[in-house]
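Undergrad: My questions will all concern the structure given below.
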Amino acid sequence: MSIELKLSRINRVYRPSEVVEGKIIVRSSSSISHYGIRLAVNGSVNLQVRGGSAGVIETLVGVAKPISIVNKIIEVRPSGKIASGTSEIPFSMNIKQLGEKNLERFYETFHGANINIQYLLTVDISRGYLHKSLSTTMEFIVESDKADLLERPVSPEMVIFYLTQDTQRHPLLPELKSGGFRVIGKMSTQCCLSDPIVGELTVEASAVPICSIDMHLLRVESILLGEKIVTEQSLIQTTQACTLSHLINIADGDVCRNMTLPIYVILPRLLTCPTVLAGPFSIEFKVAIVITFQSDVAKVHSKSDPTTPRLWLAMESLPLELVRTR
């Protein structure tokens, strides 16, 4: 005996004003008597701070309560029987009724390190006290209503950035400090979620050979816990700028000088969302350009957080505003 939820859309993406449709599929070797089939939709913002960062944070974990966005139940079928074999029971549910007021806005689905915005459909077939209820849950994806999206296009302007020995706020290898380096680039810092992050980067000079140039996409999650704001930065993904063999000197892995390297990063679907600045929490993003120089010192150190300043690294961080447009 099994139960399955199947939505009408393969990608499971819906807007709050749309109707969620699908089928409840029940497979059983014999007929089933039940006391009603109910479908629930639950949307919430779950906030947590992972213990281990600091002792004081561990004592605050329970303070951040989930924020309810939507919580409703409909009856798909009244009491009755389900025949043996495979039965498909259609359903439709309005996520948000027209004119219905919600305590919270419908934030887009997001899975972060400390913040999870999730929308779940749960079907429950009640079978009375003598039999265990049949139940299953499925996540569906919520994106902003078109009426709430930006009408204006994303700004085509790009931000110019520099990396030199003088722009670094942490200690560098002596040979880097004395010999110097200069890397210049430009990148879009306001980006539509359906478009890639684009830009370019050029190594104009470097006294020390370059091992790699990486672009790290970071999320910055902040949670209001009591009277304190706890902020944590974590890595979403890394893109290596120098992966094509014709951009690398095969002999020592160095990058050709004065050659433009393109920046083109596709945003991961569930790990990003429009930038959110709400009262109890915020979700922001940034990009870190990290240059790793060839060094014997780096070889004896184990790999750590790629955004942690090191003697053999040069880095530059840029804020990234993510939006969804019509």
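The values are calculated or read from the model by the stated rules, or taken from the named source; none is laboratory data. Keep in mind the model is a prediction, meaning the values are calculated, not measured. Because the Cβ atoms are built from the backbone with ideal geometry, glycine has one as well, and the counts that use them run over all protein chains shown. Just so you know, the surface numbers come from the protein's heavy atoms only, side chains and all, with ligands and any DNA or RNA stripped out. Shrake-Rupley method; radii C 1.70, N 1.55, O 1.52, S 1.80 Å.
Undergrad: Can you tell me which residues in the stretch 194-222 are open to solvent by less than 20 Å² (accessible area, probe 1.4 Å), among the hydroxyl-bearing types (S, T, Y) and under 30 Å from E143 (Cβ atoms)?
TA: Across the stretch 194-222, the qualifying residue is only S222.
Undergrad: If you don't mind, another one. If I filter the stretch 60-83 for residues that are at pLDDT below 90, within 30 Å of L225 (Cβ to Cβ) and surrounded by 15 or more Cβ atoms within 10 Å (Cβ to Cβ), do I get at least one hit?
TA: Yes, because at least one residue in the stretch 60-83 is at pLDDT below 90, within 30 Å of L225 (Cβ to Cβ) and surrounded by 15 or more Cβ atoms within 10 Å (Cβ to Cβ).
Undergrad: Of all residues in the stretch 1-15, count the ones that are open to solvent by 50 Å² or more (accessible area, probe 1.4 Å) and β-branched (V, I, T).
TA: Here the count works out to 1.
Undergrad: I'd like to know if the stretch 173-180 contains one or more residues that are at positive phi, in the same structural domain as V287 (by TED's automatic domain parsing) and not charged (D, E, K, R).
TA: Yes, some residue in the stretch 173-180 is at positive phi, in the same structural domain as V287 (by TED's automatic domain parsing) and not charged (D, E, K, R).
Undergrad: Would you check which residues across the stretch 16-40 are open to solvent by less than 30 Å² (accessible area, probe 1.4 Å) and under 19 Å from V123 (Cβ atoms) and list them?
TA: V20, G22, I24, I25, V26, S28, I32, H34, G36, I37, L39, A40
Undergrad: Further question: Do we have I223 as within 19 Å of the chain's Cα centre (by Cα) and modelled with pLDDT of 90 or more here?
TA: For I223, the condition - within 19 Å of the chain's Cα centre (by Cα) and modelled with pLDDT of 90 or more - is met.
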